[in-house]
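Report on one structure; see the data block that follows.
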Amino acid sequence: MSTRLELRDISHRYRTGERAVSHLTLTAGPGELVALLGPSGCGKTTVLKIIAGLLRPTAGAVLADGNDMTGVPPERRRVAMVFQKPLLFPHLSVAANVGFGLRMRGMGRRETGRRVEQALRQVRMEGFADRRPEELSGGQQQRVALARALVTEPRLLLLDEPFSALDANLREEMRELTKHLHATGDFTTLLVTHDQGEAVSLAERIALLLDGRLQMYDTPEAFYNRPVNRRVAEFFGATNFLEGRISDGAAETPLGRLKLAAPVPPGSATLTIRPEAVRLEAGENSFPARILSAAYLGTQVLYTLEAGSVRLRAAVPPHVKLGVGQRVSARLPAESLWAFSE
Amino acid sequence: MDKRNRSAGIALALAAVLVTTPLLPLALWSFAGEWRFPDLLPASWSLRGWEALLAPGSRFTEAVLNSLVIAAAVTAAAVVIGLPAGMALGTHDFRLKGVVIFIILLPILVPPLASTMGIHLTFIRLGLADTMFGVFLVHLVPTVPYTAIILTSVFAERTGELEEAARTLGAGPWQAFWHVTLPQVAPGVAVAGLFAFLISWSQYILTVLIGGGTVITLPMLLFSAASGTDPVITSTLAVVFALPAVVALLLALRYLNPGNERGFLGVGKVS
């Protein structure tokens, strides 16, 4: 049975006095796959350890289905965790590793054996039951670690960058496997990652943590198209920013008056648009620009445009061939322009 | 890595030869009948030494048994005391940790005679003087510091991550200790136990002071024989006395076969 996880105003300070997490409030619905995204050292792992019960937060509460879990020891939380390293027990065989959690809960040998076999099949490691962890590759070890966590039938699965130590192909394979296991299983998943691509491709919702503070908690699509502030936008690769004053659904900017589709309160704001949304054509919201440089990226060409004092990036399909120094018309479609005030 | 392991094996075999060669004359003497200078080997062989030790009225068997019982009990107790101490010191950082380590090491820094004089008076009052139990207790003085310090370094290399993984899988703190920590530190515990055993086994002064001549151990027989004139008896005793150390060395050699990932008794990889 999957759980509804609620973090209520969690703060944590290390014993050195350094703040790891500040006032984190977050809810993950039952069966949801949520990514906790942020650069390394932003307090993500601390949050996972607090949820798992390995760390007690300095302040705040962890709730599962409305029950306060803050003081409950990890072994009674029905929360399984897969760490960055596989952390298989080196003195036990693969089968004994996977069966560890069941044995600790007092399950009999035969039933344990049956479930271990099933769990190993789920991660396609059925032929390795009698091997020692040191005989397996990194990817295989991490798959066994996944089986070891899932066999305990957790209500909540915590993944702490479990793919970051693997090479690119394997990482892709593990993501697919995780997605599949989450879809077929009955548990809520919280994935910690520093890789926004991973968060976007796996998660239903992303919580972006910068300097221990939650910046934004929304769908992947919202992070690209409706970032709440400049840091969030920059974390997701946005490079085009324009200062402006909003009035009557349009913004007064150095590029002239630009129409906005999204309702934005009047006042000063920062406008942003993704490079791939910039059009090189005339029309509404267009202005003359000069091509400053071009970078060929295979599936698209990234142009740097100059219009007065403003520089913008535009990513266009590679069949559009334009030379450096050429004058063009650039257009920022109203529906792709997003504004936030800070 | 294979190459380095092999050279480490050769080095250890060489050390074994260096350690055991001086013992060879002792082994010869213990079976010698007549052996005059400058002969390389004894002129005749006999079991006189061994017969004398095993003869009725000899206290040899009693001494060996006492030594074994005391050393085994001391080993167990020193490990049981040293394990939590080493775990606390190796895993946690706290204020005055250096002072605590210093206090733990104090018994091997202070000359044993100085402290045992006082311990003796207390033991007389408690009725522990001249008893096996008293000797066992006083042997803990020089052994616990070693087990505690060895196990501190064993635990200092651990991160506690495996235990955290065990906890999230449903193991309680004791289960995690028993099923994960203990198997992981077993080689280190073996080394610590070996130290405790050998220190207790070779203890003379503390045994004499607290045992008061009532509790006879092997070193006491050896010391009195060595001040006598019969080299055969002395050598025979010395051979028995050296036996545990030789056995330990052979065990160490067994542990260090090439490709053994645990390394030398688990203290660390040799290669």
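The values are calculated or read from the model by the stated rules, or taken from the named source; none is laboratory data. Just so we're clear, the structure is a prediction, and the values are computed from it rather than from any experiment. Backbone-built Cβ (ideal geometry, glycine too); neighbour counts: all protein chains shown. Side chains are part of the model used for accessible areas, which takes the heavy atoms of the whole protein and leaves out ligands, DNA and RNA. Shrake-Rupley method; radii C 1.70, N 1.55, O 1.52, S 1.80 Å.
Miscellaneous remarks
- Cβ-based charge dipole, the stretch A:37-82, positive-most Cα from A:PRO57, A:GLY43, A:PRO73: A:GLY43
- Label-point separation in nm, B:VAL80 to A:ARG121, each point 7 Å along Cα→Cβ: 4.7
- Where Rh is the Kirkwood radius over Cα pairs, Rg/Rh for the stretch A:238-340: 0.97
- For A:LEU305, the residues whose amide H sits under 5 Å from its own are A:LEU292, A:LEU312, A:ARG313, A:ALA314, ignoring neighbours fewer than 5 places away on the same chain, with H placed 1.01 Å from N.
- Accessible area of B:GLU62 (1.4 Å probe, protein heavy atoms only, ligands and nucleic acids ignored): about 70 Å².
- Under 18 Å from the A:GLU172 label point (7 Å along Cα→beta-carbon), backbone N, the stretch A:103-147: A:139-140
- Computed extension gain for A:LEU292 through A:VAL324, at 0.36 nm per residue and net of the alpha carbon distance, reaches 10.9 nm.
- Spatial separation of Cα centroids for the stretch A:46-115 and the stretch B:32-54, in angstrom: 67
- Look at where the Cα atoms of the stretch B:111-152 and of the stretch A:283-342 average out, and the two centres are 84 Å apart.
- When only Cα pairs below 8 angstrom with a gap of at least 6 residues are kept, chain A shows a relative contact order of 16 percent.
- Sulfur and carbon atoms: percent of accessible area, chain B [1.4 Å]: 72
- The 1.4 Å probe gives accessible areas that order B:PHE223, A:PHE89, B:PHE94, B:PHE136, largest first, as B:PHE223, B:PHE94, B:PHE136, A:PHE89.
- Debye log10 I(q)/I(0) for the protein assembly as shown, one point scatterer per Cα, at q = 0.09 Å⁻¹: -0.91
- Heavy-atom accessible surface that A and B bury in contact, both chains counted, 1.4 Å, Å² to 100: 1900
- Low-density loop positions, GluC sites (Glu not before Pro), the stretch A:3-89 - DSSP coil, at most 10 other Cβ in 10 Å: A:GLU18
- Between amide H atoms placed 1.01 Å from N, distances below 5 Å from A:ALA20 occur with A:HIS12, A:ARG13, A:TYR14, all of them 5 or more places distant or on a separate chain.
- Think of a 1.4 Å ball rolled over the protein heavy atoms: the protein assembly as shown then has 49 Å² of accessible area per residue.
- Aspartates and glutamates whose Cα lies under 19 Å from that of A:LYS321, excluding same-chain neighbours fewer than 8 positions away: A:GLU276, A:GLU281, A:GLU306
- Note, ³J(HN,Hα) from phi for the stretch A:81-95, Karplus 6.51, -1.76, 1.60, rounded to Hz, x at Gly and Pro: 10, 10, 8, 4, 8, x, 6, 6, 6, x, 8, 10, 5, 4, 4
- The trypsin sites (Lys or Arg not before Pro) found in the stretch B:86-175 that occupy coil by DSSP, while having at most 10 further C-beta atoms within 10 Å, are B:ARG95.
- Listed residues B:SER202, B:SER153, B:SER44, most fluctuating in chain B (Gaussian network, C-alpha, under 10 Å): B:SER44
- Accessible surface of A:TYR14 - all protein chains present, 1.4 Å probe, nearest 10 Å²: 90
- Solvent exposure ordering (accessible area, 1.4 Å, most first) of B:VAL79, A:VAL200: A:VAL200, B:VAL79
- Inverse mean reciprocal Cα-Cα distance (Kirkwood Rh) of the stretch B:1-55, Å: 13.7
- Largest accessible area first, the listed residues B:ILE103, A:ILE291 line up as B:ILE103, A:ILE291 when surface is computed with a 1.4 Å probe on the assembled protein chains.
- HN-Hα J in Hz across the stretch A:248-256 - Karplus 6.51, -1.76, 1.60, θ = phi - 60°, x for Gly and Pro: 6, x, 9, 10, 7, 10, x, 8, x
- Over 31 Å between alpha carbons, listed pairs A:LYS179/A:LYS259; A:LYS49/A:LYS179; A:LYS44/A:LYS179: A:LYS179/A:LYS259
- Loop-resident sites, the stretch B:1-38, for trypsin sites (Lys or Arg not before Pro), counting at most 13 other Cβ within 10 Å (DSSP): B:ARG36
- Listing of the stretch B:171-192 residues, each with accessible area lower by at least 40 Å² in the full protein assembly than in the chain alone (probe 1.4 Å): B:HIS179, B:GLN184
- Using R0 = 51 Å, the C-beta based FRET efficiency linking A:ALA315 and A:GLU18 works out to 0.80.
- The stretch A:269-323 - convex hull of alpha carbons, volume per residue in Å³: 92
- Proximity of backbone amide H atoms, modeled 1.01 Å from N, is registered between A:MET216 and A:LEU208 at under 5 Å, excluding neighbours fewer than 5 places apart on the same chain.
- Take A:260-267, A:34-41 and order them by the average number of nearby Cβ atoms within 10 Å per residue, most first; the result is A:34-41, A:260-267.
- The stretch A:63-68 - phi-based ³J(HN,Hα) in whole Hz, Karplus 6.51/-1.76/1.60, Gly and Pro as x: 10, 10, 6, x, 8, 5
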